[in-house]
Amino acid sequence: MALAEVGACGRLLLWPRVVLFGDSITEFSFQENGWGASLAERLVRKCDVVNRGLSGYNTRWAKLILPRLISKSTGAESTVAVTIFFGANDSALKDLNPKQHVPLEEYAANLKSMIQYLKSVDITEDRIILITPPPLQESAWEKECLAKGDKLNRCNATTGEYAQACVQVARDCGTDVLDLWSLMQKNQDFSSYLSDGLHLSTKGNSF
């Protein structure tokens, strides 16, 4: 039956949706050549791709706002997939960026809390995808920090610890995981995947 015929019958179409939940790397994903925009184009007429990226957010703030973004009254039943893409801000160095820093153990607990919440609104593990933070290109990000009068406030080794914690949470909770931190560094120079050392470049978005 054509969509117009369905509409004429007065029945509401429950259109499937994919929710992208994360920090600035998700927020910027709908820019030209962004990974979110590419996903939306690929899934057009199949489901809506909803960008819920919040620049600057860490998991501490994310778990508080998640119930306001996804609930049984706001289309959870039509949600076919949710990506949870945090860690780039959580892994900021505590001494140099205490506002965004979240301790490693709390980061893992926050991810588990968000998974449990999604399950409570009937979004099952097989519809949840965790994404680790990408690797950090320290020299490029240091230039960005110095331009703002700051010191380098992140390091790749620390980001890697958060990526490993994200992978472990996925194993513990039975969700899928995309380990960008490891994959982007596998046998290659990963700097071309990053526009400023932290955020994804055009090449990184298509990775």
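Per-structure values
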| quantity | calculated |
| --- | --- |
| Computed [θ] at 222 nm, deg cm²/dmol, the chain (DSSP H ≥ 4; -39,500 (n - 2.57); rounded to nearest 500) | -11500 deg cm²/dmol |
| Percent RCO, i.e. relative contact order, over the chain, from Cα pairs under 8 Å lying at least 6 residues apart | 20 percent |
| Least to most buried among 119, 46, 148 (fewest other Cβ within 10 Å first) | 148, 46, 119 |
| Cα-based Rg of segment 162-207 normalised by 2.2 N^0.38 Å, two decimals | 1.29 |
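Coordinate-derived values only; no laboratory data. The shown structure was predicted, so the numbers you read here are calculated from the model rather than taken from an experiment. A quick note on method: Cβ atoms are made from the backbone with ideal geometry, for glycine too, and the neighbour counts reach across all protein chains shown.
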